[in-house]
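Worksheet: one structure, shown below.
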Amino acid sequence: MKKATWLQNSPYFFRAAVITMALLGALTAHAGVKEQAKRMHDRLAGVPPSNTVLEDMAAKLTAGQTRAAADVAMANPNFLKVTVKNMVIPWTNKDMTVFYPFNDAAATLVGMVRDGVDFRRAMYDDIIYVGAASLGLPAYSNSNNDHYAQMESRNIDLNSTNLLQRSQSSTTGLASTAVSGVLTTRQSARAFFYAGTNRRMLRFTFINYMCKDLENVKDTSRIPDRIRQDVARSPGGDSSVFLNTCIGCHAGMDGLAGAFANYQWNYDTNNDPDGNNGNLVYTPGIVQPKYLINSTVFKYGYVTTDDSWINRWRTGPNANLGWGWANNSTQQVPTTGNGMQSFGQEIANSLAFSRCQAIKVYKTVCFNEPTETTLGNLVTSFKNSGYDMKQIFADAAIDCRGN
């Protein structure tokens with residue numbers, strides 16, 4: 001006991017203890033950086049890094065080169081094939097499931113992320129991504145998804161050699177004035193223009209790109225002048241139901257859905273009732289009959305005569321969606337336009353659009369919701385980067401690399 005006490009009180013023991021603790025601290029710190037690097041790689045690429053990649057990322061983190069470390073992880077093919085693809089696939093089908101075939105809408109979103117393209121263009125531009133001719137894929141078709149299904153079945157790398165950006169109009173034959181980013185891709189049309197009254201396209205555009213369902217934007221104080229004839233003003237004989245409920249969604253929704261008046265999903269109802277082999281039809285100057293159905297429900301309702309739209313949600317409580325934010329606009333009066341391109345620009349330039357992308361990426365990478373402070377930083381960074389989605393992926397992975 002005395003010998004142990006003497007040794008513990010010895011300056012040599014104290015010196016050795018200090019050195020040992022310093023070494024352990026250094027090892028712990030080094031292991032911490034590696035752990036953070038591995039976590040970043042796992043979450044961005046969905047697979048563990050090799051030892052070489054891990055050392056490279058750890059060195060970059062140690063040097064304070066956090067974005068460079070994230071770029072290393074995003075260079076892994078699985079970042080696009082797994083992480084990004086699985087994030088965007090639910091945006092392309094009405095069941096919002098990841099268990100859905102790869103398609104032209106998803107390929108376009110993945111390609112835009114990969115190339116750092118201004119992501120707002122996904123809402124309105126003449127853009128689409130297709131597989132390279134050298135891959136020997138079935139040609140892109142307006143009536144089937146074989147081109148993309150084979151890309152997925154063959155597990156083709158979605159790099160810049162295999163997945164190429166093209167103009168949507170030259171690929172699909174749709175007029176350049178009619179294309180509107182992913183909204184007019186074959187898959188989006190299949191999912192959201194199929195049957196119905198084209199209101200589905202409005203609802204899912206809000207869900208997928210503004211993170212708002214119709215229940216979240218209900219406002220019974222808006223003018224109901226654009227509500228169509230097929231909406232009863234006294235459901236069950238009670239007008240209060242319309243005034244207190246129906247008008248909340250329809251006043252804004254029907255005003256905006258006019259943008260889709262010339263679009264229809266065309267299919268053989270007898271031999272292909274699910275519309276799997278249908279195609280998108282655009283009829284400039286001609287309103288699709290679906291806009292005029294059930295006209296006797298309320299014959300004094302709005303009759304759609306063209307593809308004009310009005311955004312009545314620019315005023316009232318939905319002004320907080322930040323309409324025109326990307327253009328540094330503070331305009332809070334109803335705006336109007338014609339067709340899907342101008343509609344897509346209205347959506348893309350809202351603050352809600354940028355917040356939605358940041359929220360979805362953060363949840364994909366970090367598995368939880370960002371705080372308001374973090375979300376604000378992500379949105380600012382997104383805007384400053386020219387709306388490059390990879391910037392949000394990098395920022396998110398950096399933010400939660402320690403937890």
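Just so it is clear, none of the values below were taken in a lab; they were calculated from the coordinates. Because the structure is a prediction, the values reported are computed rather than measured. Every residue, glycine among them, receives a Cβ derived from its backbone with ideal geometry; neighbour counts consider all protein chains shown.
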Quiz prompt | Highest-MSF residue in the chain out of Asp95, Asp115, Asp238 [GNM, Cα springs under 10 Å] | solution = Asp238
Quiz item: To the nearest 10 degrees, how steep is helix 199-210 against the longest Cα principal axis of the chain, on a 0 to 90 scale?
Solution: 20 degrees
Quiz item: Using the per-residue mean of other Cβ atoms lying within 10 Å as a proxy for protection, in what order, highest first, do the peptides 255-265, 173-183, 372-382 fall?
Solution: 255-265, 173-183, 372-382
Practice problem: For the range 198-349, just say rounded, prolate or oblate: build the C-alpha gyration tensor, square-root its eigenvalues into a ≥ b ≥ c, call rounded for a/c under 1.5, and beyond that prolate if a/b exceeds b/c, oblate if not. | Solution: oblate
Quiz item: Which of the listed residues, Met253, Val361, Ala175, is farthest toward the dipole's positive end in the chain, when Lys, Arg count +1 and Asp, Glu count -1 at the beta-carbon?
Solution: Val361
Quiz item: Using modelled amide H (1.01 Å from N, peptide plane; none on Pro or chain starts), what sits under 5 Å from the amide H of Arg228, excluding residues fewer than 5 places away?
Solution: Tyr302
Practice problem: Quick one: divide the alpha-carbon radius of gyration of the range 80-192 by 2.2 N^0.38 Å and tell me what you get. | Solution: 0.95
Practice problem: Could you tell me how many degrees, from 0 to 90 and to the nearest 10, lie between the Cα long axis of helix 104-115 and the main elongation axis, the longest principal axis, of the Cα atoms of the chain? | Solution: 40 degrees
Practice problem: Please work out the C-alpha center-to-center distance from the range 38-116 to the range 305-383 and express it in whole Å. | Solution: 24 Å
Quiz prompt | Distant-in-sequence amide H partners of Thr335 (H built 1.01 Å from N, under 5 Å) | solution = Asn311, Arg314
Exercise. Could you tell me the convex hull volume per residue, in Å³, taken over the Cα atoms of the range 272-403?
Key: 196 Å³
Quiz item: Binning every alpha carbon pair distance of the chain at 20 Å from zero, what are the percents per bin?
Solution: 25, 48, 19, 6, 2, 0
Quiz item: Could you state the number of Å between the C-alpha centres of the range 177-213 and the range 225-250?
Solution: 24 Å
Practice problem: Would you work out the relative contact order for the range 198-349, in percent, from Cα pairs under 8 angstrom that are 6 or more residues apart? | Solution: 26 percent
Quiz item: With charges set only on the Cβ (+1 for Lys and Arg, -1 for Asp and Glu), what does the dipole of the range 80-192 come to about its Cα centre, in debye to the nearest 20?
Solution: 100 debye
Practice problem: Give the angle, between 0 and 90 degrees and rounded to the nearest 10, that separates the Cα long axis of helix 372-384 from the longest principal axis of the Cα atoms of the chain. | Solution: 70 degrees
Practice problem: Specify which residue in the list Thr336, Asn403, Ala149 is farthest towards the positive end of the charge dipole of the chain, using unit charges on the beta carbon of Lys, Arg (+1) and Asp, Glu (-1), about the Cα centre. | Solution: Asn403
